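Undergrad: Before anything else, here's the structure in question.
None of the figures in this text is laboratory data; all of them are computed from the coordinates on show. Model, not experiment: these values are computed from the prediction. In this analysis, Cβ positions are derived from the backbone assuming ideal geometry, glycine residues included, and neighbour counts consider all displayed protein chains.
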Amino acid sequence: MKFILPEKKKLVYEMSMPIRWGDMDAMGQVNNTIYFRYLETCRIDWMQSIGCLPDANGDGPVIVNAFCNFYKQLEYPGDVIVKMYVSDPARTTFETWGTMERADQPGVIYAAGGATTIWVNFPKQKSHDLPDWMRKIVT
């Protein structure tokens, strides 16, 4: 299964992270699970930067699926640049997308992935309409 990032998407955030020695596996490359951690870290930093903090007594975002396509092997040492995009806002959901490249090789995509985010009322454990302020950001 392979998911392709859409042509129409909005860049909302970018961050740099060091590739840590402990991110590598026995083959000397970044372990596949770590790519999901890079995407998650960028997504959480972006959400914090816009004041989108989940409220256990209220509502907030939840990831309902995630994927990652691996194109090239990231290796230590170096820094990974993760770019976060959004698209396709619906009544209760929007899509997030991320690309990963090395800082010393700008424009060369090593991996790309995405996740569907749904807005949830946590006490009711039910989906909830995206708030207007979030819809403006992801549109």
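Undergrad: Taking a threshold of 24 Å on the Cα-Cα distance, which of the pairs 8/83; 83/136; 83/124; 8/124 fall above it?
TA: 83/124; 8/124
Undergrad: Please compute the contact order of region 10-138 in relative form: average sequence separation of alpha-carbon pairs under 8 Å and at least six residues apart, divided by the residue count, as a percent.
TA: Computed over region 10-138, the figure is 29 percent.
Undergrad: Give me 5, 11, 130, 39 sorted ascending by neighbouring Cβ count inside 10 Å, so fewest comes first.
TA: In increasing order of surrounding Cβ atoms, one gets 11, 5, 130, 39.
Undergrad: What percentage of all Cα-Cα pairs in the chain are separated by more than 24 Å?
TA: Value for the chain (Cα pairs over 24 Å): 32 percent.
Undergrad: If you don't mind, another one. Angle, helix 32-49 long axis vs. longest principal axis of the chain, Cα atoms, 0 to 90°, nearest 10?
TA: Taking Cα atoms only, the helix is inclined about 50 degrees.
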